[in-house]
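The values are calculated or read from the model by the stated rules, or taken from the named source; none is laboratory data. The shown structure was predicted, so the numbers you read here are calculated from the model rather than taken from an experiment. We place every Cβ from the backbone using ideal geometry, glycine too, and count neighbours over all the protein chains shown. When the accessible area is computed, the model is the full protein with side chains, heavy atoms only, and any ligands, DNA or RNA have been set aside. Shrake-Rupley method; radii C 1.70, N 1.55, O 1.52, S 1.80 Å.
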Amino acid sequence: MPDRDGFGGARAPHFVRSFERGLAVIRAFDAERPALTLSEVARACELTRAAARRFLLTLVDLGYVHTDGRLFRLTPRVLELGYAYLSGCTLSDLAEPHLERMVEQVRESSSLCVLDGDDIVYVARVSAGRIMTATITVGTRFPAHVTSVGRVILAHLPDEEIDARLARADLRPLTPRTLVSAGRLKAELHRVRRQGYAVVDQELEEGLRSVAAPVRDRNGEVVAGVNIPVHAGRNSVESVRRDLLPHLLATVARIEADLCVADTALCRGRAVAPDTDTRRAPAVAPQRGPAALPGSSTGPAPAVPPGTGTHR
């Protein structure tokens, strides 16, 4: 735990030390210590008894902690603090059945990825059983700017953020085809934004082509991307657009339809963490985010956007 006086050492001017201490009090409770006395909380958080008492009683007033006068326990309301993130994590569960359906149709693997810092991270993957030169699993990371799924997410960021990301990106070539010019990458991202999908031809790894499309939430914000990687020896860039892109766009449309339904359900308060203390004010409004709901929408595959030439 942090020291009592410095509580973590030097911090930026914006840092709110009391907020950090309040979170430390909540984290003091765990499966092995579900109930704690005031002295135990103070000792675990390296706080004075007076400070620990103020934090605990504030949490009691807010409904996050219950006390019988001696022992303190967390209440189910603390689930609200992590609900926005947990509901977002279900995006992979929501997308996976659609990925499975597409993989059966095209007989190529597919993944759902999100942006984390300057990397894309695989959060769901359905394999077609083909042996790839690189082993891709959930949690695998790649630099976003050299992947098709990274580019469809980056392309929908504000231009000033794109500039900042490209300025700090490691643009070393991974293959002879890798785009290493920030100017050319930005032009490529603008093209991806216009056409609604990205094709990356052997920039991440020689012999590997990939097509990707963005996944939008109910507000039109890009929250993820879905890709289909293929061996260059089996698929030309033209066949990727002709044979795989329609399936990809149809799959993304189905994911977005389910995501919209789930998002709407959350906004109506159908999946809020329970509020067991009826004496307190009602729970805060539910956070927006996807939730896995049964069923999925279907429909014809969207028309393929016109080609824009071979990608590097």
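Quick notes on this structure:
- Relative contact order [Cα under 8 Å, 6+ residues apart], the range 116-218, whole percent: 27
- Under 5 Å from the amide H of Ser109 lie the amide H atoms of Ala128, each residue being 5 or more positions distant or on a separate chain, with H modelled from the backbone and absent for Pro and chain starts.
- Rounded to whole Hz, the Karplus (6.51, -1.76, 1.60) HN-Hα couplings of the range 54-67, x for glycine and proline: 5, 5, 5, 5, 5, 5, 5, 4, 7, x, 8, 9, 10, 9
- For the range 110-212, the fraction of alpha-carbon pairs in successive 5 Å shells from zero, as %: 2, 13, 23, 27, 19, 10, 3, 1, 0
- Long-range amide H partners of Gln202 with built H, under 5 Å: Leu208, Arg209, Ser210
- The residues of the range 109-186 expose on average 47 square angstrom of accessible surface per residue, using a 1.4 Å probe on protein heavy atoms.
- Positive minus negative residues near Val240 (Lys, Arg vs Asp, Glu; Cβ under 12 Å): 0
- Centroid-to-centroid, using Cα positions, the range 157-176 and the range 16-30 are 37 Å apart.
- Coarse-grained scattering of the range 15-78 at q = 0.11, 0.13, 0.14 Å⁻¹, given as base-10 log I(q)/I(0) from a Debye sum over alpha-carbon atoms: -0.20, -0.28, -0.33
- Solvent-accessible area per residue in the range 9-64 equals 60 Å², computed with a 1.4 angstrom probe and all protein chains kept.
- Computed extension gain for Ser236 through His14, at 0.36 nm per residue and net of the alpha carbon distance, reaches 74.7 nm.
- For Thr37, the residues whose amide H sits under 5 Å from its own are Phe72, ignoring neighbours fewer than 5 places away on the same chain, with H placed 1.01 Å from N.
- Panel note: the C-alpha atoms of the range 195-247, placed on their principal axes, show extents of 39, 22, 15 Å (largest first).
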